[in-house]
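Working notes, structure below.
The values are calculated or read from the model by the stated rules, or taken from the named source; none is laboratory data. Nothing here was measured: the structure is a model prediction, and the numbers come from that model. Here the Cβ positions follow ideal geometry from the backbone for every residue, glycine too, while neighbour counts run over all protein chains shown.
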């Protein structure tokens, strides 16, 4: 999944800082997990991984990949392959009504709706798959692990048929070729690391008391909130029939606005995180053109770093899936490191 601020290209740098600057790190908190790429890296390298994100769809994806160490069995369901079953569903072989189908009625051009996020057939497929998963769970035909595993597979499949450029803040006014593909679920990959990994869907402050070896934080860099850019994935994950508004059918996100996205609260947010963190080490991803200046964030880190342990690492910015640095504006990716205890 393409994700704003994704750290796929920074994993080697993160690895180098941990290896060179820390001792005996075995447990890591990923405080703002997003797409889960860093949590997956930590887990695959044997760390006991605690993943957290305030967005529910992000939590669902991590819940199905980070917390679990084996593929669910679906023994109680009585269906040999639930993915084949779900991929072959249509409205006629379910007991759902068109009126039940929130994505179809609100994000595809049918009836009075003009939004072009999905072709009608794929929108309807999203709905009946999500409704079926919910029905199975409520009837206790699948357990909690199986429930999140199936929803995560749906969330992973949706971007491949979405009529967007990368995020859901707007839809294209013409049909992209990908939208003509048939929505297909596949089983998410599960990496087993033999650790008791954990996943949370909480405000960042709730994880600060956890005494892990290292806390990794990749908070928002600017005033661009994440939920408006992924509002449809949030709705598919929750399937809560929200009130929506505007041209894009945005769900209300007032309660999910981040203190890291506001100029007047970002400094205090960083100070709270660094001051209250009970982990031994802190590693923060940021950049030199973010809301909080490099000097301001460095000063906060220095105030709470023990034994003059603060270090700032900078790397030439690389665009997503592009190995050629783009330095026309001097943009730098940064890693702020300090020992807290």
- Note on the structure: Flagged in the stretch 110-134 as over 15 Å from residue 149 (Cα atoms) and in a helix (DSSP H, G or I), in numbering order, are 120, 121, 122, 123, 124, 125, 126, 127, 128
- Starting from residues that are more than 10 Å from the chain's Cα centre (by Cα) and either closer than 19 Å to residue 278 by Cβ or not in a helix (DSSP H, G or I) (or both), keep the ones in the stretch 3-20 and report whichever is modelled with the lowest pLDDT. 5
- Message: Given the condition in a helix (DSSP H, G or I), crowded, with 21+ Cβ neighbours inside 10 Å and either assigned by TED's automatic domain parsing to the domain that holds residue 178 or modelled with pLDDT of 95 or more (or both), answer yes or no: does some residue in the stretch 23-32 qualify?
- Response: no
- Message: Among the residues in the stretch 155-177, are any surrounded by 18 or more Cβ atoms within 10 Å (Cβ to Cβ), modelled with pLDDT of 95 or more, within 21 Å of residue 80 (Cβ to Cβ) and assigned by TED's automatic domain parsing to the domain that holds residue 243?
- Response: yes
- Of the candidates 300, 232, 274, 284, the one satisfying the condition of being within 21 Å of the chain's Cα centre (by Cα), buried (at least 19 other Cβ atoms within 10 Å of the Cβ), within 27 Å of residue 27 (Cβ to Cβ) and at pLDDT 95 or above is 284
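Could you list, in sequence order, the residues of the stretch 207-259 that are touching a strand residue (DSSP E or B) at 6+ places or on another chain (Cβ under 7 Å) and outside any strand (DSSP E or B)?
If the condition is that a residue be touching a strand residue (DSSP E or B) at 6+ places or on another chain (Cβ under 7 Å) and outside any strand (DSSP E or B), then 207, 210, 212, 213, 218, 221, 228, 231, 234, 235, 242 are the ones that fit.
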- Message: Just to be sure before I move on: is residue 20 at positive phi and surrounded by fewer than 24 Cβ atoms within 10 Å (Cβ to Cβ) in the structure I sent?
- Response: no
- Message: With the requirement that a residue be in the same structural domain as residue 248 (by TED's automatic domain parsing), within 25 Å of the chain's Cα centre (by Cα) and not in a loop (DSSP other than H, G, I, E, B), what does the stretch 56-107 give you?
- Response: 82, 83, 86, 87, 102, 103, 104, 106, 107
- Lone unmet requirement of (1) assigned by TED's automatic domain parsing to the domain that holds residue 54; (2) in a helix (DSSP H, G or I); (3) touching a helix residue (DSSP H, G or I) at 6+ places or on another chain (Cβ under 7 Å) for residue 286: (2)
- Task: Run down 259, 266 and say which single residue is without any contact (Cβ under 8 Å) to a residue 24 or more places away in the chain and farther than 24 Å from residue 171 by Cβ.
- Result: 259
- Message: For the stretch 114-145, which positions are closer than 15 Å to residue 163 by Cα, surrounded by fewer than 21 Cβ atoms within 10 Å (Cβ to Cβ) and without any contact (Cβ under 8 Å) to a residue 24 or more places away in the chain?
- Response: 114, 120
